[in-house]
Amino acid sequence: MRAFIRCRGTQKKKTSGFRLSLCTFVLLLSIVPWQPVRAGADGSLAVERGVAAFRAGDYQAALQSFLDAQRAGLDTPSLRYNLGATYYRLGRYAEAEREFQTLAPDPNWAPLAHYNLGLTAQRAGRPQQAMEYFEQAQRTTTDPSLRTLAATAFERLRGAPPSPQASAVISLGGGYDSNATLSPDAATGGVSHQGDRFVEALAAATRLLAGNTERGWVAHGSLVLRKYADLHQFDVAGSRAGLSHERDWGSVQTSAGAYFDTAYIGGDRLAQGTSLDAQASSRLDAGSELRGRYQFRHVAGGNGFEYLDGRQQRFSADAGFTLAGAPLLAGYQLELNHRRDLQQGSEFLSASPTRHSLFASVALRNLAGWRTDARGEYRVSRYGDPNLIDAGPPLGIVEVRRRDRRYGFALRADRRLAAPWRLFADYSYYRNESNLDTYDYSRQQLMAGIEVSLEK
């Protein structure tokens, strides 16, 4: 089940909402050609490589070359401008702004610096500041072309509609599940060892309630429904709602929120939870990014699922970087559970594992017209208290501490149709191996469908 997979995605798509013509960005579509200065040969060659890479569209390589030139001792206005333009193209607006700010005191560069600071502020969601920069550029430049561009940008911003206040994703799909489960985490709820066809609908939405994209309060909501053709006792319904505070500090972005979720299986409540979620991410040089996350969840199991009562904590960290033009991500997660567990007469079953997970993903943005993502995961689970199992005579009650390891992968491909529609296909395979045979299982899921993304 894709429960809430794209819920956070709608929150992070914070677009400026401003529609400028392509000519507005002409100054950042090219950089200042390298002109030799009295500096080391290594620095000069690095700048030349950076200019060539930028013109070829390889902005990550261009950035690395320009930074190499800087480390070699070069410090010229044109190099700082090229660094700013490259950071801008990489979406690293805080670093771009820093480079353009160093040029603003120079009378020869001030108009161009102010114009590009306007573009950067606009992209960062600060339209009022962007207008001030455009007005400065228009007032101080002697270049007619730049004056026209700055005036056009200013007027468009002044009459532009506000940034999108809400976004949503709605999808409908169908597929096959080789092993229907009582829970999205089969190791917790158990598996059926039965396959069936299903249809699934998902809706996720966010809305900016107060503030702006730099600092504001955001409401979140999502709903997922899955109905099997024959195994109706495994039909799924889940909902999640919450409120978070989002903050962009420049090179660091933070989010802190509280959420409430409920899950139903076969019409009966499986569990409901209240959670706190805190996240932080930081952009580093060379285009990499570090992220950390902490989640605390209090769980109340439904009738017959009281053994899930308790709390859960998750600590995760990951690093994102680019290799050969493909975004990569690798990370680790620690999960701690303290549940009521299950006591039935003389038997006892633990539902409180400590889990260590390693995961990695790669994204290919244009594979024969499809955008493709792949993720692999390996997870080890150790349960806190030993299970007490009635093995019958002559063994009687046997004490066994449960140990699991799970591995698998997931693939997703989507293709844009007429805006705002997309076609998607998902496939996943997971295998769980346990020292207790009853918890051994494998599961495959295949689903295809259509989704729509909306903004207002």
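Each principal axis of the Cα cloud of region 351-436 was taken in turn, and the coordinate range along them, longest first, works out to 67, 22, 19 Å. With the helix formula -39500 (n - 2.57) applied to DSSP H stretches of n ≥ 4, the chain reaches a computed 222 nm mean residue ellipticity of -7000 deg cm²/dmol. Our summary of shape: the Cα atoms of region 246-404 have principal axis extents of 64, 33, 29 Å, ordered from largest down, in whole angstrom. When Rg and the Kirkwood Rh are both derived from Cα coordinates, the Rg/Rh ratio for region 74-170 amounts to 1.03.
The modelled label-to-label distance for the pair PHE296/ARG415, using points 7 Å beyond Cα in the direction of Cβ, is 4.8 nm.
Considering every Cα-Cα pair within region 229-275, what fraction, in whole percent, is farther apart than 11 Å?
72 percent
Modelled spin-label separation between ARG365 and THR274, with each label point placed 7 Å from Cα along the Cα-to-Cβ direction: 4.3 nm. Every pair of different Cα atoms in region 394-451 enters the Kirkwood calculation, which places the hydrodynamic radius at 14.5 Å.
Axis angle, to the nearest 10 degrees, between helix 93-103 and the longest C-alpha principal axis of the chain: 20 degrees.
State the percentage of accessible surface on the chain attributable to carbon and sulfur atoms; use a 1.4 Å probe and exclude ligands, DNA and RNA. Walk me through the numbers on the way to the answer.
On the way: 12800 of 22380 Å².
Reported share for carbon and sulfur atoms: 57 percent.
For region 309-377, the C-alpha radius of gyration divided by 2.2 N^0.38 Å, with N the number of residues, is 1.70. At a probe radius of 1.4 angstrom, the accessible area of region 104-143 per residue rounds to 45 square angstrom.
The calculated pair-distance distribution of the chain uses every alpha carbon pair, bins of 20 angstrom beginning at 0, and gives 20, 48, 25, 7, 1 percent. Cβ-Cβ distance of GLU132 and GLU455, R₀ of 22 Å, FRET efficiency by 1/(1 + (r/R0)^6): the value works out to about 0.25.
Normalised by the number of residues in the chain, what is the relative contact order in percent for Cα pairs under 8 Å and 6+ residues apart?
Working: 1085 pairs, mean separation 45.3, N = 456.
About 10 percent, as a whole number.
Per residue, the accessible area of region 409-456 comes to 55 Å² when a 1.4 Å probe rolls over the protein heavy atoms. If the chain linking GLU433 and LEU334 were pulled fully straight, counting 0.36 nm for each residue of separation and taking away their Cα-Cα distance, it would gain 33.7 nm. The phi-based Karplus calculation (6.51 cos²θ - 1.76 cosθ + 1.60; θ = phi - 60°) puts the 3J(HN,Hα) values of region 239-246 at 9, 8, 9, x, 9, 9, 10, 9 Hz, whole numbers, x for Gly and Pro.
Computed over the Cα atoms of region 220-305, the ratio of the radius of gyration to the Kirkwood radius (Rg/Rh) comes to 1.16. Amide H to amide H distances under 5 Å link THR322 with LEU328, where only residues 5 or more positions off or on other chains count and H is placed in the peptide plane.
The values are calculated or read from the model by the stated rules, or taken from the named source; none is laboratory data. Nothing here was measured: the structure is a model prediction, and the numbers come from that model. Cβ: placed from backbone, ideal geometry, glycine included. Neighbour counts: every protein chain shown. Only protein heavy atoms, including side chains, enter the accessible area calculation; ligands, DNA and RNA are left aside. Shrake-Rupley method; radii C 1.70, N 1.55, O 1.52, S 1.80 Å.
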